[in-house]
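In what follows, a structure is listed as structure tokens, so that the remarks can point back to it.
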Amino acid sequence: MTELFLRAIFADNLVLSYFLGICTYLAISKRLETALGLAAAMVVVQTVTVPVNYLIHHYLLLEGAWAWLGLPDTDLTFLKLIAFIGVIAAVVQVLEMALDRYAPALYRALGVFLPLITVNCAILGGSLFMAERQYDLGESLVFGFGSGIGWALAIALLAAIRERLRYADVPAGLRGLGITFVVTGLISMGFTAFSTVSLP
Amino acid sequence: MARRNFFTPLIDENPVTLQILGICSALAVTTSMTTALTMSLALTVVLMASSGIISAMRRHIPAQIRLILQITIIASLVIVTDLILQAFAFEISKRLSIFVSLVVTNCLVLGRAEAFAMQNPVGRSILDGLGNGLGYSLILLIVGFVRELLGLGTLFGWAILPTVDSGGWYQPLGVMLLAPSAFVVLGLLIWAIRVWRPVQVEPDEYPLAEARR
């Protein structure tokens, strides 16, 4: 479990080794403060949606899931994609209402990022990886939390670097998007070092 | 007019390098030309079909629920594409892993539906979808070309540069097959395009660096 957790954060980082959620990653990383808001929302949503999608996938979609109704041959896995997107949108909506009611300070801090997360491919990608790699419920929870933390760590690193890059004298054509990609490449290169690390 | 819809997204308004749309799936599949080409085809087909369908329905879609309708249409098209790939090209569909499914959340598809197909007639929307799909494919294939050629010495699996292992002279650059190289290659590609088309250069946010010189 610890190993899965650490792999999800470092070696199998969603952004840096699977390129998931790059659009948001590039767009919202100009300032550290906003990046941290998005990162927090990401960790919360990922930790909730992956286990919930596990339950949906395991008890409603997999072949044989309807055996107790006398339908042992029903295989609904082709509905996986639509089901996952629906679950993510619903979880984000419920989370938004719950936060608004019980933790208004956090709700205000997350602001517009919470609804935006619905169309973030890192969230959907996390759930699809869970289905492809056949994690069980505990592993899904750990994987969801770990990959959320990994994504948050990556965007915090990039935002901190970009804040300082503003004072750098970058060649005109590389300014903005270009240099951001090169920096991400260098961060990612640093993270590949973790792929050989294993726990004793 | 129609020609402009088709040609501007290729370089001048390229969805990937200028509008930062659809990069999520663009990089993961570029380790080889075969996967890059399959992914490009899948995305272009989904984009054309979704633009066409959404444009045909645009007068009947209520504004409040348009996003969920668009996502449902796109998701259905992606599921069909994914199943066709699994049926006829199982090997490649295994290598593409979850990335075909992720076309659903590709901002490019939803972006074109929302920005273009909702206001324009069917023919032009399909053409716009084709243009944007090809603009995306172009970037994907260039990055795939560089990474496969330098990383393995092959193109589409055919040996182009004979490698040291098979008795040739080329020592493959292993790093090209790892994730970091995709970011760096795309960054440099953006640089090259912006040197060629200086209109696309972003303004300096903090022009003091200019004054210091």
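Approximating the spin labels as points 7 Å out from Cα along Cα→Cβ, the B:ILE61-to-A:MET1 distance works out to 4.5 nm. Could you tell me how far the Cα centroid of region B:27-48 sits from the Cα centroid of region B:143-165, in Å? So the two Cα centres are separated by 18 Å.
Where in chain B lies the longest segment free of GluC sites (Glu not before Pro) that are both loop residues by DSSP (not H, G, I, E, B) and have at most 16 other Cβ atoms within 10 Å? Longest gap between qualifying sites, sites excluded: B:14-204.
Between chain A and chain B, the total buried accessible area stands at approximately 3800 Å², from heavy atoms with a 1.4 Å probe. Helices that extend 30 Å or more along their long axis by alpha-carbon positions and average at least -0.5 on the Kyte-Doolittle scale are, among the DSSP H runs of chain B, B:33-56, B:66-88, B:122-152. Ranked from largest to smallest solvent-accessible area, with a 1.4 Å probe on the protein heavy atoms, B:LYS94, A:LYS30, A:LYS80 come out as B:LYS94, A:LYS30, A:LYS80.
Treating chain B as a set of equal point scatterers at the Cα positions, no solvent, please give the Debye-formula log₁₀ I(q)/I(0) at q = 0.11, 0.14, 0.18 Å⁻¹. Summing over Cα pairs of chain B leads to -0.60, -0.89, -1.24. Sorting the Cα pairs of the protein assembly as shown by distance into bins of 20 Å, from 0 upward, gives 25, 59, 15, 1 percent per bin. The separation of region B:102-121 from region A:151-180, counted between C-alpha centres, amounts to 28 Å.
In the context of the full protein assembly, A:VAL48 retains an accessible surface of approximately 50 Å², using a probe radius of 1.4 Å and ignoring ligands and nucleic acids.
By the combined test of axial Cα extent (at least 24 Å) and Kyte-Doolittle hydropathy (mean at least 0.0), the qualifying DSSP H helices of chain A come to A:32-56, A:80-102, A:137-165. Rolling a 1.4 Å probe across all protein chains gives B:SER97 an accessible area of roughly 30 Å².
Protein heavy-atom accessible surface, 1.4 Å probe, per residue over chain A: 45 Å². Within region A:2-196, the proportion of C-alpha pairs whose separation exceeds 31 Å stands at 24%. Label sites at A:ALA172 and B:THR154, each approximated as a point 7 angstrom past Cα along Cα to Cβ, lie 4.3 nm apart.
Going from the isolated chain to the complete set of protein chains, region B:7-55 loses at least 40 Å² of heavy-atom accessible area (1.4 Å probe) at B:ILE20, B:ILE23, B:CYS24. Accessible surface of A:LEU141, taken over heavy atoms with a 1.4 Å probe and every protein chain present, rounds to 90 Å². Counting only Cα atoms, the size of region A:95-200 along its three principal axes is 48, 42, 25 Å, in decreasing order. Computed on protein heavy atoms with a 1.4 Å probe, the accessible areas place A:SER17, B:SER166, B:SER51 in the order B:SER166, A:SER17, B:SER51, largest first.
Accessible area per residue (1.4 Å probe, heavy atoms of protein chains only) ranks A:HIS58, B:HIS60 as B:HIS60, A:HIS58, with the largest value leading. Give, ordered by residue number, each residue of region B:156-196 whose 1.4 Å probe accessible area is reduced by a minimum of 20 Å² on adding the remaining protein chains to the chain alone. By number: B:ALA179, B:PRO180, B:PHE183, B:VAL184, B:GLY187, B:ILE190, B:TRP191, B:ARG194.
Legend: residues in region B:77-111 shielded by at least 10 square angstrom of accessible surface upon adding the remaining protein chains to the isolated chain (1.4 Å probe, heavy atoms) are B:ILE79, B:LEU83, B:SER97, B:ILE98, B:PHE99, B:SER101, B:LEU102, B:VAL104, B:THR105, B:CYS107, B:LEU110. Taking a ≥ b ≥ c as the square roots of the eigenvalues of the Cα gyration tensor, an a/c ratio of 1.5 or more together with a/b larger than b/c marks region B:93-172 as prolate.
The values are calculated or read from the model by the stated rules, or taken from the named source; none is laboratory data. The shown structure was predicted, so the numbers you read here are calculated from the model rather than taken from an experiment. Note: ideal-geometry Cβ built from the backbone for every residue, glycine included; neighbour counts use all protein chains shown. With ligands, DNA and RNA removed, areas are computed over all heavy atoms of the protein, side chains included. Shrake-Rupley method; radii C 1.70, N 1.55, O 1.52, S 1.80 Å.
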